[in-house]
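To start, the structure under review is shown below, and the notes come after it.
The values are calculated or read from the model by the stated rules, or taken from the named source; none is laboratory data. Owing to the predicted nature of the structure, the values given are computational and were not obtained by experimental measurement. Glycine gets a Cβ as well: all are built from the backbone with ideal geometry, and neighbour counts include every protein chain shown. Side chains are part of the model used for accessible areas, which takes the heavy atoms of the whole protein and leaves out ligands, DNA and RNA. Shrake-Rupley method; radii C 1.70, N 1.55, O 1.52, S 1.80 Å.
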Amino acid sequence: MRVFTMIINGQPVRAESTFDVINPATGEPFAQVQAGNATHVDAAVAAARAAFPGWSALPATERKRLLHEIGAIIEANMPELMELVTKESGKPLGGLNGIGSGMEVGGAIAWTHATADLELPVEVIQDNDDARVEVHRKPLGVVASITPWNWPLMIAIWHVIPALRAGNTVVMKPASSTPTATLRFVELANTILPPGVLNIITGESGVGSAIAKHPGIDKIVFTGSTPTGRSIMQNAAANLKRLTLELGGNDAGIVLPDVDPKAIAPKLFGVGFHNNGQTCACLKRLYVHDSIYDDVVAELARIAGETVVDDGLAEGAQLGPVQNKAQLNFVRELVEDAKEQGARIVAGGKVKAGAGFFFEPTVIADAKDGMRVVDEEQFGPVLPVIRYTDVDDAIRRANDNENGLGGSIWSNDRAKAAELALRLECGTAWINEHGALQPNAPFGGVKQSGLGVEFGSYGLAEYTSIQTLKIMKR
Ligand code: NAP
């Protein structure tokens with residue numbers, strides 16, 4: 001079995017013991033990683049601090065050049081990285097609508113190059129006879145990245161590349177159930193970067209909170225659940241770490257009566273079910289106007305029944321297993337609860353027999369606000385469809401949730417849809433689309449979905465502090 005090491009100061013590091021990484025398609029281990037602890041966190045932070053003066057002093061053009069080299073080395077190793085992503089996360093190589101590990105690694109490459117090219121120029125806010133006032137952006141120091149299991153490599157890239165581009169050094173901690181693609185990425189990147197610039201620690205309980213508390217870390221970028229985000233915020237208070245928190249979502253979509261149910265259903269299904277619904281900004285609650293409700297539900301159920309669920313390495317698999325057993329049980333619990341509350345399961349609804357953590361793609365009709373499957377983030381292959389008659393009421397119900405990551409309006413009247421979308425309480429609103437991200441558009445949550453944004457110059461700025469320079473002229 002392949003054994004991965006941590007990387008600290010450019011060197012492979014072993015801990016006293018290892019733990020298994022499970023392939024959710026088989027339920028069997030396929031790799032082992034190091035069970036690091038707080039001592040390793042200390043060593044990684046020390047290496048990152050030592051590397052910071054040299055890395056931050058490099059000309060921006062040099063950092064850019066090295067980051068483009070990292071993009072190229074990811075591309076050169078794409079098949080291996082795709083296989084690791086599929087084995088650890090369960091997502092198919094190809095996947096529903098092409099959303100699988102090929103897209104994850106391809107996205108990692110694209111985001112690396114696009115982020116390498118971002119600029120944060122000096123801003124001149126006054127230049128007159130009295131004084132010149134400039135706003136400079138400076139790196140923060142050591143940034144820690146803590147990532148979740150749903151898009152392990154892509155999210156690692158979203159954290160690390162802007163941190164490095166801005167001149168920071170980095171300590172990473174991947175999710176314990178999906179560390180392998182990230183470990184391999186860091187190993188590859190360390191053939192390009194100076195030692196200590198990019199370090200990675202693995203370890204189950206305690207490593208994340210040791211990072212959050214560490215006085216030698218200046219900022220944490222975290223993607224994961226809202227409760228963990230709160231814990232990080234509490235621990236980070238000791239030395240006022242800067243924070244970007246990308247947390248849970250329970251995104252609503254509202255379908256207006258003017259759409260053609262047959263035409264729109266495949267798109268709705270895709271944005272709700274890709275990666276088995278295990279995407280922060282998947283469509284998780286679907287509000288459909290009463291006049292087309294039955295037709296939309298029937299089409300969604302038909303598509304769910306035709307979807308190919310298989311081991312992600314198998315050709316033709318559209319959806320793979322749920323990533324871990326606890327999540328599988330949680331999804332099953334929400335579906336059972338919905339049934340007991342009077343909802344109708346019109347497709348799927350059950351764990352698939354056999355090895356692995358497979359759950360049938362599940363469409364729930366007659367779902368209502370107040371049911372757990374509507375109010376809570378399912379993070380699984382389940383879509384509750386809720387009936388509405390008055391669009392103002394649908395907007396109110398969509399907003400009546402503690403999360404505020406994304407939302408969408410589906411209509412042929414784009415102007416009306418845009419007006420409604422601006423009333424949704426969320427960080428990104430889409431018209432006739434959901435969850436589509438791009439490297440130049442800011443993305444982040446409001447309410448309990450997080451703090452700050454990623455991507456583009458807005459995202460890059462979060463890895464810097466401002467220094468104002470005032471040059472007197474009189
Ligand atoms: P999670 O349980 O919060 O874990 C995320 C990471 O935090 C893992 O690396 C985990 O390590 C670590 N961690 C756990 N406890 C910690 C602590 N007390 N202090 C510091 N770190 C700690 O989240 P998940 O279940 O992996 O991910 C699913 C969630 O992520 C969903 O809610 C989803 O919506 C959200 N998400 C949000 C976005 C976004 O952009 N807003 C994107 C993707 C996912 P271990 O694995 O070792 O426990």
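A few comments on the model shown:
- Residue identified as open to solvent by 50 Å² or more (accessible area, probe 1.4 Å) and farther than 30 Å from Leu81 by Cβ among Asp400, Asp310: Asp400
- Number of the condition not met by Thr169 [criteria: (1) touching a Phe, Trp or Tyr at 6+ places or on another chain (Cβ under 7 Å); (2) open to solvent by 10 Å² or more (accessible area, probe 1.4 Å)]: (2)
- Qualifying positions in the range 430-447 - over 14 Å from the mean Cα position of the chain (by Cα) and either more than 16 Å from the ligand (Cβ to nearest atom) or buried (at least 20 other Cβ atoms within 10 Å of the Cβ) (or both): Trp430, Ile431, Asn432, Glu433, His434, Asn440
- Residue within the range 408-423 that is within 12 Å of the ligand (Cβ to nearest atom), open to solvent by 20 Å² or more (accessible area, probe 1.4 Å) and either touching a residue at least 24 places away in the same chain (Cβ under 8 Å) or not charged (D, E, K, R) (or both) present: no
- Those residues of the range 390-403 which are within 16 Å of the ligand (Cβ to nearest atom) and over 27 Å from Gly450 (Cβ atoms), in sequence order: none
- Long-range neighbours under 9 Å by Cβ, at least six apart or interchain, first residue closer than 25 Å to Ala265 by Cβ and free of Cβ contacts under 8 Å to residues at least 40 places away in the same chain within the range 428-446, second open to solvent by 40 Å² or more (accessible area, probe 1.4 Å) and assigned to a strand (DSSP E or B): none
- In summary, Thr389 fulfils each of the numbered conditions (1) of a type in the set (Val, Ile, Thr); (2) over 15 Å from Val255 (Cα atoms); (3) open to solvent by 60 Å² or more (accessible area, probe 1.4 Å) with the single exception of condition (2).
- Test: residue in the range 114-131 that is touching a residue at least 60 places away in the same chain (Cβ under 8 Å), under 27 Å from Ala44 (Cβ atoms), of a type in the set (A, V, I, L, M) and surrounded by 16 or more Cβ atoms within 10 Å (Cβ to Cβ): yes
- In the range 207-226, the residues that are within 29 Å of Gln378 (Cβ to Cβ), more than 7 Å from the ligand (Cβ to nearest atom) and open to solvent by 20 Å² or more (accessible area, probe 1.4 Å): none
- Entry remark, the range 384-400: residues being more than 22 Å from Phe269 (Cβ to Cβ) and touching a residue at least 12 places away in the same chain (Cβ under 8 Å) number 5 in total.
- Criterion violated by Ser177 - all others in (1) open to solvent by 20 Å² or more (accessible area, probe 1.4 Å); (2) in a loop (DSSP other than H, G, I, E, B); (3) under 15 Å from Ala108 (Cβ atoms) satisfied: (3)
- For the range 145-161, the criterion of a residue being over 24 Å from Arg2 (Cα atoms), open to solvent by 10 Å² or more (accessible area, probe 1.4 Å) and either away from the ligand (no atom under 16 Å from the Cβ) or among the small types (Gly, Ala, Ser) (or both) is satisfied by no position.
- Qualifying positions in the range 237-286 - under 16 Å from the mean Cα position of the chain (by Cα) and of a type in the set (Phe, Trp, Tyr): Phe273
- Residue check, Leu198 modelled with pLDDT of 95 or more, over 28 Å from Phe30 (Cβ atoms) and more than 7 Å from the ligand (Cβ to nearest atom): no
- Taking residues in the range 244-270 that are part of a strand (DSSP E or B), and partners anywhere that are within 16 Å of the ligand (Cβ to nearest atom) and among the acidic types (Asp, Glu), the pairs with Cβ atoms closer than 7 Å and at least 6 places apart or on different chains are Thr244/Glu454; Thr244/Glu462; Glu246/Glu454.
- Of the set (1) within 15 Å of the ligand (Cβ to nearest atom); (2) of a type outside the set (Ser, Thr, Tyr); (3) touching a residue at least 12 places away in the same chain (Cβ under 8 Å), all apply to Arg230 but (3).
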